[in-house]
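In what follows, a single structure is set out as structure tokens and then discussed.
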Amino acid sequence: MNPQIINQIADLSQIEIQDMQATSNAITDIFALINQLQAMDTSDIEPLNFPLDILDKHFQPVRVDKVLADVQKTIENAPLTEKDFFLVPKVID
Amino acid sequence: MYNTIYECLDLLKNKKISATELASQYLNKIKTSNLNAYIDVNEQATLKQAKACDILLQDINNLDTKPLLGIPIAHKDVFVTKIWKSTAGSKMLENYYSPFNATVVQSLEESGMVCIGKTNMDEFAMGSSNENSYFGAVSNPWNNDYVSGGSSGGSAAAVANGLAICATGSDTGGSIRQPASFCGITGIKPTYGSISRYGMIAYASTLDQAGPMAKTAKDCALLLQHMVKQDINDSTSIAHPNVNFLANIDKNWNDGNNTSKPLLGLKIGIPKEFMGEIDTSVQIAIDSCIKELQNLGANIIEISLPLTKLSIPSYYVIASAQASSNLSRFDGVRYGYRAEDYTDLSDMYKKSRSQGFGEEVKKRIMVGSYVLSQGYYDAYYLKALKIRRLIAQDFIRAFESCDIIVGPVAPTTAWKKGKFDKDPAKMYLADIFTLGASLAGLPCMSMPCGFADGLPVGLQLITKHFAESDILQTANLYQQNTDYHLKQAI
């Protein structure tokens, strides 16, 4: 994993890299493990995302689309607020 | 201290102890402990809950509607609570108080339980040693120089050392089973979807599952009874078809009459891929346990789970990908850590996340972002999901010839703190036996089965979807004939 790729990944992740060498080594080690997947032929296999789909039964319930949250309690943990709004640095000139 | 919930319930019903006295005993023991098992303890809040229980205990009939009335429980800090902090073991949520209780916390509170505190954990449930916590590592009660296991290390150490009679944990790739094994207690991860994930701080949404941890299988079954329910707030939660986990737990397998062979008729499969690549001392303990199961009447057969080794890369791709998505909500805007100095919004996101997350979490987010990115999604994420299906099919095939599968939880006992500091990716290999059942969404548990070099060894039991009762019954019958689960670390 060269620095250019690491920087691309960091940008996608919205994370800053402090030590490029250490990060590159760590991510390279993980990909050495992950690349073992390529040895297996899976050309005719369907992906399994929701584990219970293996049972071919539909389980997932749906509910009415109704707001249940208490707005006031929800914003209590925010670093900066004004009335019911979260405050962030200005993004529009 | 006490060994089981049943023991405490008996004392409470017969007025030999009050809920307040019981809670106080645990709170006092926590104050003098050096295990670092807890992140947040609020004595006032706990005693307030206990006093409310004592008022209700004046009328024993209240136990009909609140069967766990007055029993103290510790909650892994991955479950949000209104009164105690909810940190997920992270600086990112160091001072976070949730506006609501997690469903599992609420359910147990409504059953009458008293919250003793929030237990330490690997940050955002990412880790196998509880060394990744912002609040420091948890020590193993059997040898404080060794890890407790993770990510539910605080819960496991607390129960093992008498700092809690029981606890909640969460298991994504082994995080209940492995610390239970390392600390010498019992813990179960039920079928995926059994317990609501509403209010469980998310790591990997198609793998995360809550579960109980206690000294005995029967206590775990009792807790599970009150944790399993479908929840409209979690659209991945299911209506479990077999919720009476206690119905057959004391009965012999297949209602047999042979009292010296309670497991007669039980077919146990041992995957050949699980044996041979483990420490010799662990192998000895596991072999001895299998012999004991045979002596109790079980029939042992060899089976195969040929993709066991591929469960590691498959899991780490899927879990990291889902983690990168789940942790994108931590941006310093609505809750959690916000950096003090930044130039613009984008800089605020980056600095808040870089300073708020630990190294392991940042690594997994980056791996996850990469495997989901354009040009790599098919080669990694989709590939891992296909192998997931093959692994699940292997288990289903295996269950055609056996009732349950057993094997070691981990290749070793707990390791010395700092062992993997220079090579953290090597720690991932230690999850080899627990990941498959997680990927397949199967119920699985760990129970103590011996010791190796002075440290506990756990046996993993895995069964078919929705058949938790089978492994809880097997574990209970084993525990009625052995005493590893009652051993106390001094």
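The values are calculated or read from the model by the stated rules, or taken from the named source; none is laboratory data. Just so we're clear, the structure is a prediction, and the values are computed from it rather than from any experiment. Ideal geometry is used to build each Cβ from the backbone, glycine not excepted, and the neighbour counts take in all protein chains shown.
List of remarks:
- Residues in the range B:10-45 that are assigned to a helix (DSSP H, G or I) and under 23 Å from B:Ser139 (Cβ atoms): B:Gln25, B:Tyr26, B:Leu27, B:Asn28, B:Lys29, B:Ile30, B:Lys31, B:Glu43.
- Which numbered condition B:Gly193 fails, given (1) within 14 Å of another protein chain (Cβ to nearest Cβ); (2) within 30 Å of B:Leu429 (Cβ to Cβ); (3) at pLDDT below 95: (3)
- Within the range B:119-147, residues that are more than 18 Å from B:Gly174 (Cα to Cα) and touching a residue at least 24 places away in the same chain (Cβ under 8 Å) sit with their Cβ atoms under 7 Å from residues that are among the hydrophobic types (A, V, I, L, M, F, W, C) and part of a loop (DSSP other than H, G, I, E, B), at 6+ positions apart or across chains, in these pairs: B:Ser139/B:Leu35; B:Pro141/B:Leu35; B:Pro141/B:Ala489; B:Trp142/B:Ala489; B:Tyr146/B:Ala414; B:Tyr146/B:Trp415.
- B:Leu459 touching a strand residue (DSSP E or B) at 6+ places or on another chain (Cβ under 7 Å), among the aliphatic types (A, V, I, L, M), buried (at least 24 other Cβ atoms within 10 Å of the Cβ) and under 29 Å from B:Asn144 (Cβ atoms): yes
- Among the conditions (1) in contact with an Asp or Glu (Cβ under 7 Å, 6 or more places away or on another chain); (2) surrounded by fewer than 16 Cβ atoms within 10 Å (Cβ to Cβ); (3) farther than 30 Å from A:Ala39 by Cβ, the only one that B:Lys272 does not satisfy is (3).
- For the range B:379-396, taking the residues that are over 26 Å from the mean Cα position of the chain (by Cα) and in contact (Cβ under 8 Å) with a residue 24 or more places away in the chain, the one that is farthest from the other protein chains (Cβ to nearest Cβ) is identified as B:Tyr380.
- Residues in the range B:409-430 include at least one that is surrounded by 21 or more Cβ atoms within 10 Å (Cβ to Cβ), within 20 Å of B:Ser469 (Cα to Cα) and under 18 Å from the mean Cα position of the chain (by Cα).
- Scanning the range B:354-378 for residues that are β-branched (Val, Ile, Thr) and at the interface with chain A (Cβ under 7 Å from one of its Cβ atoms) yields a count of 2.
- Helices (runs of 4 or more DSSP H) wholly inside chain A that include at least 3 residues being in contact with a strand residue (DSSP E or B) (Cβ under 6 Å, 6 or more places away or on another chain): none
- Complete set of residues in the range B:295-311 that are at the interface with chain A (Cβ under 10 Å from one of its Cβ atoms) and either without any contact (Cβ under 8 Å) to a residue 60 or more places away in the chain or assigned to a helix (DSSP H, G or I) (or both): B:Lys309, B:Leu310
- Set A:Ser43, A:Ser24: member being within 24 Å of the chain's Cα centre (by Cα), hydroxyl-bearing (Ser, Thr, Tyr) and at pLDDT 90 or above: A:Ser24
- Candidates B:Ala137, B:Ala160 - the one that is at pLDDT 95 or above, more than 16 Å from the chain's Cα centre (by Cα), among the hydrophobic types (A, V, I, L, M, F, W, C) and more than 25 Å from B:Lys229 (Cβ to Cβ): B:Ala137
- Long-range neighbours under 7 Å by Cβ, at least six apart or interchain, first residue within 9 Å of chain B (Cβ to nearest Cβ) within the range A:70-93, second surrounded by 11 or more Cβ atoms within 10 Å (Cβ to Cβ) and small (Gly, Ala, Ser): A:Pro79/B:Gly332; A:Phe86/A:Ala78
- Residue within the range B:326-339 that is in a helix (DSSP H, G or I) and closer than 30 Å to B:Phe395 by Cα present: yes
- For B:Ser288, the conditions (1) surrounded by 16 or more Cβ atoms within 10 Å (Cβ to Cβ); (2) part of a helix (DSSP H, G or I) all hold with the exception of (1).
- Taken over the range B:416-430, the criterion of being under 15 Å from B:Arg364 (Cβ atoms) and either of a type in the set (Val, Ile, Thr) or at pLDDT below 90 (or both) is satisfied by B:Pro424, B:Ala425.
- Residue in the range B:208-220 that is within 12 Å of chain A (Cβ to nearest Cβ) and at pLDDT 95 or above present: yes
- B:Arg338 among the charged types (D, E, K, R), over 28 Å from B:Gly136 (Cβ atoms) and within 9 Å of chain A (Cβ to nearest Cβ): no
- Taking the numbered list (1) under 19 Å from B:Gly169 (Cβ atoms); (2) assigned to a helix (DSSP H, G or I) in turn, B:Gln393 passes all entries but (1).
- Neighbours by Cβ (under 6 Å, 6+ apart or cross-chain): first from the range A:9-37, facing chain B (nearest Cβ under 8 Å); second among the basic types (Lys, Arg) and not in a loop (DSSP other than H, G, I, E, B): A:Gln14/B:Lys350; A:Gln14/B:Arg353; A:Ile15/B:Arg353; A:Ile15/B:Lys362; A:Glu16/B:Lys350; A:Ala26/B:Lys363; A:Leu37/B:Lys383
- For the range B:148-166, the tally of residues that are in a loop (DSSP other than H, G, I, E, B), buried (at least 24 other Cβ atoms within 10 Å of the Cβ) and either on the phi > 0 side of the Ramachandran plot or in contact (Cβ under 8 Å) with a residue 60 or more places away in the chain (or both) stands at 8.
- Some residue of the range B:465-480 being part of a strand (DSSP E or B) and surrounded by fewer than 24 Cβ atoms within 10 Å (Cβ to Cβ): no
- Number of the exception - B:Ser314 against (1) among the small types (Gly, Ala, Ser); (2) surrounded by fewer than 24 Cβ atoms within 10 Å (Cβ to Cβ); (3) over 18 Å from B:Ser90 (Cα atoms); (4) within 7 Å of chain A (Cβ to nearest Cβ): (2)
- Taken over the range B:397-411, the criterion of being touching a residue at least 24 places away in the same chain (Cβ under 8 Å) and within 17 Å of B:Gly441 (Cα to Cα) is satisfied by B:Ala398, B:Phe399, B:Asp403, B:Ile404, B:Ile405, B:Val406, B:Val409.
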